[in-house]
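J.: Before anything else, here's the structure in question.
The values are calculated or read from the model by the stated rules, or taken from the named source; none is laboratory data. Since this is a predicted model, take the numbers as computed values, not measurements. Cβ: placed from backbone, ideal geometry, glycine included. Neighbour counts: every protein chain shown. Please note that ligands, DNA and RNA were not included when accessible areas were found on the heavy atoms of the full protein model with its side chains. Shrake-Rupley method; radii C 1.70, N 1.55, O 1.52, S 1.80 Å.
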Amino acid sequence: LGQEDLSEANLSAIQNAGRFLTEGTADAVKLEVDGDWVDRFAAICNAGIAAVAHLGSRPQLAKQTGGYTTAGRSAKAAKKIVEDAIAMEQAGASMLLLEAVPEEVSQAVVEATTIPVIGCGAGTSCHGQVVVMQDLAGLTKWQPSFAKPTANVGNEIAGVAKTWMESVYNNTLGKHPYNMME
């Protein structure tokens, strides 16, 4: 299809995804989607842009939907996620990312699709796992239940900052390291 065959929204999506690849030096774009986005998602894939479909819980919508929640907990909701996963694969997705869904949903998606499925709080059925490093390091105030911190680096960083602030306040930074040349 030529540019004249694309909707303005799809053309804009392609251009923006292309900017991520070129200006951001990304290898792919990840879009939080559901079945309503198949047309736009397909337009991006058909333009030769590797795209990952993020299904299940969609954190970028959390403020619009009342907060971060799990997805696919009813049979109807689970079936919709599986249908959306199939639709996104058919639209050209390179990979699927499932977030905060029950193990049964992940298993059903893995069985219904042929592309890699990465889980983020989606159980062990997925081909791989991803979590946010800040969650594992204990740097966030709110912890997702699937990303238990394995360290509490946040307290260490706060301690370092406090020590620095006290040194500045007390003028105990030590001798300045730079001297004038002759």
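J.: In the range 126-139, what count of residues is obtained for those that are open to solvent by 40 Å² or more (accessible area, probe 1.4 Å) and outside any loop (DSSP other than H, G, I, E, B)?
T.: Looking only at that region, the number is 4.
J.: Then there is this: Condition (residue is of a type in the set (Ser, Thr, Tyr) and more than 19 Å from Val131 (Cβ to Cβ)) applied to the range 63-76: is it met by at least one residue? Break it down into steps so the answer makes sense when it comes.
T.: Of the range 63-76, the ones of a type in the set (Ser, Thr, Tyr) are 65, 68-70, 74.
Cutting the leftovers down to more than 19 Å from Val131 (Cβ to Cβ) gives us 65, 74.
Yes - at least one qualifying residue is present in the range 63-76.
J.: Take Gly123 and tell me if it is in a loop (DSSP other than H, G, I, E, B), open to solvent by 50 Å² or more (accessible area, probe 1.4 Å) and farther than 30 Å from Gly18 by Cβ.
T.: When the stated conditions are applied, Gly123 does not pass them.
J.: Could you tell me which of the residues Ala158, Ala100 is surrounded by 15 or more Cβ atoms within 10 Å (Cβ to Cβ) and aliphatic (A, V, I, L, M)?
T.: Working: Ala158 fails: surrounded by 15 or more Cβ atoms within 10 Å (Cβ to Cβ).
Result: Ala100 is the single residue among Ala158, Ala100 that is surrounded by 15 or more Cβ atoms within 10 Å (Cβ to Cβ) and aliphatic (A, V, I, L, M).
J.: Something else: With respect to Val109, determine if the residue is of a type in the set (A, V, I, L, M), assigned to a loop (DSSP other than H, G, I, E, B) and modelled with pLDDT of 95 or more.
T.: no
J.: For the range 18-46, which positions are open to solvent by less than 70 Å² (accessible area, probe 1.4 Å) and under 15 Å from the mean Cα position of the chain (by Cα)?
T.: Matches in the range 18-46: Ala26, Ala28, Val29, Leu31, Glu32, Val33, Asp34.
J.: Tell me whether the range 47-59 contains one or more residues that are within 19 Å of the chain's Cα centre (by Cα), in a helix (DSSP H, G or I) and not polar (S, T, N, Q). If you could, list the steps in order and put the result at the bottom.
T.: The first filter runs over the range 47-59 and keeps only residues within 19 Å of the chain's Cα centre (by Cα), leaving 49-59.
Right, trim to in a helix (DSSP H, G or I) and you get 59.
Subsequent filtering for residues that are not polar (S, T, N, Q) retains 59.
Looking for residues that are within 19 Å of the chain's Cα centre (by Cα), in a helix (DSSP H, G or I) and not polar (S, T, N, Q), one finds at least one in the range 47-59, hence yes.
J.: With the structure loaded, tell me whether Glu111 is open to solvent by less than 70 Å² (accessible area, probe 1.4 Å) and out of contact with any helix residue (DSSP H, G or I) (no Cβ under 6 Å at 6 or more places or on another chain) or whether it fails that test.
T.: On the way: open to solvent by less than 70 Å² (accessible area, probe 1.4 Å): no; out of contact with any helix residue (DSSP H, G or I) (no Cβ under 6 Å at 6 or more places or on another chain): yes.
No; evaluated as a whole, the condition is false for this residue.
J.: May I ask you to list pairs of residues, at least six apart or on different chains, whose Cβ atoms are under 9 Å apart, with the first in the range 92-104 being touching a residue at least 24 places away in the same chain (Cβ under 8 Å) and of a type in the set (Val, Ile, Thr) and the second being in a strand (DSSP E or B) and open to solvent by less than 40 Å² (accessible area, probe 1.4 Å)?
T.: Val101/Leu55; Val101/Gly56; Val101/Gly119
J.: Sticking with this structure for a sec: Could you tell me which numbered condition Lys141 fails, if it satisfies all but one of (1) within 19 Å of the chain's Cα centre (by Cα); (2) closer than 30 Å to Phe41 by Cα?
T.: Going through the list (1) within 19 Å of the chain's Cα centre (by Cα); (2) closer than 30 Å to Phe41 by Cα, Lys141 breaks only (2).
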